[in-house]
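K.L.:
Encoded as structure tokens, here's the structure I'll be asking about.
What follows draws every value from the coordinates through simple rules; no lab data is involved. Quick caveat, the model's predicted, so the values are computed rather than measured. A quick note on method: Cβ atoms are made from the backbone with ideal geometry, for glycine too, and the neighbour counts reach across all protein chains shown.
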Amino acid sequence: MIKPEAVAAGHSGKIIDMIIAAGFKIKAMKLTKLSKERAGEFYEVHKERPFYGELVAYMSGGPIVAMALEKDNAVADFRKFIGATDPAEAAEGTIRKRFAKSKGENAVHGSDSDENAAIEIAFHFADSEIVG
Ligand code: UDP
Ligand code: MG
């Protein structure tokens, strides 16, 4: 996902360009806005964390761009490509180093395992919205 503050700042096109240039193939993509309920469900694993309420408010606060991406080793490569959660710790050249404003408003989300990627792709897309 391209997160709300990055979409609002007009960075979606640049981020999509970087994703494609890094060798990821876009299999599905949509601009959408998550309700508080849907954002809460997406981040359910963080329910007990102190930042959960703020995270849900932020992620439901404006449009996001959701994508399903394909690449060999996609999950690990995408995590490396976006950089650390906190932009202060993100490597040079990463999406978060370039676009994140803070540890909370950090421009993009990336799945953390193949299993969660499958769950998160199904969260955003019907099978008919994913190209073969
Ligand atoms: N987050 C936050 N404060 C924290 C840790 C995380 O606001 O101390 C937010 C941030 O937007 C992050 C998201 O919660 O991207 C999910 O956290 P996670 O640890 O899964 O980081 P990610 O997988 O996105 O790098
Ligand atoms: Mg995570």
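K.L.:
I want to verify the translational diffusion coefficient of the stretch 47-103 in µm²/s; compute it with Stokes-Einstein, Rh as the Kirkwood radius over Cα pairs, at 25 °C and 0.890 mPa s.
P.N.:
Estimated via Stokes-Einstein, D reaches 187 µm²/s.
K.L.:
Going by average Cβ density within 10 Å per residue, which order do the peptides 81-89, 22-30, 62-70, 41-49 take, highest to lowest?
P.N.:
Answer by packing, highest mean first, reads 62-70, 81-89, 22-30, 41-49.
K.L.:
Give me the distance in nm between label points sitting 7 Å out from Cα along the Cα-to-Cβ direction at Asp17 and Lys30, one decimal.
P.N.:
Between Asp17 and Lys30, the label points sit 2.7 nm apart.
K.L.:
Now for a separate question. Rounded if a/c is under 1.5, else prolate if a/b beats b/c, else oblate: with a ≥ b ≥ c from the C-alpha gyration tensor eigenvalues square-rooted, which is the chain?
P.N.:
Verdict is rounded for the chain.
K.L.:
For the chain, what does -39500 (n - 2.57) per DSSP helix run (n ≥ 4), summed and divided by total residues, give at 222 nm, in deg cm²/dmol to the nearest 500?
P.N.:
Calculated from helices alone, the mean residue ellipticity at 222 nm is -11000 deg cm²/dmol.
K.L.:
Still on this structure, please answer the following. Roughly how many nanometres apart are two label points built 7 Å out from the Cα toward the Cβ at Ser113 and Val131?
P.N.:
3.1
K.L.:
Determine the gain in length on full extension of the stretch Asp86-Phe51; use 0.36 nm per residue of separation and subtract their C-alpha separation, reporting nm with one decimal.
P.N.:
Details: separation 35, 0.36 × 35 = 12.60 nm, distance 1.37 nm.
Working it through step by step, the gained length comes to 11.2 nm.
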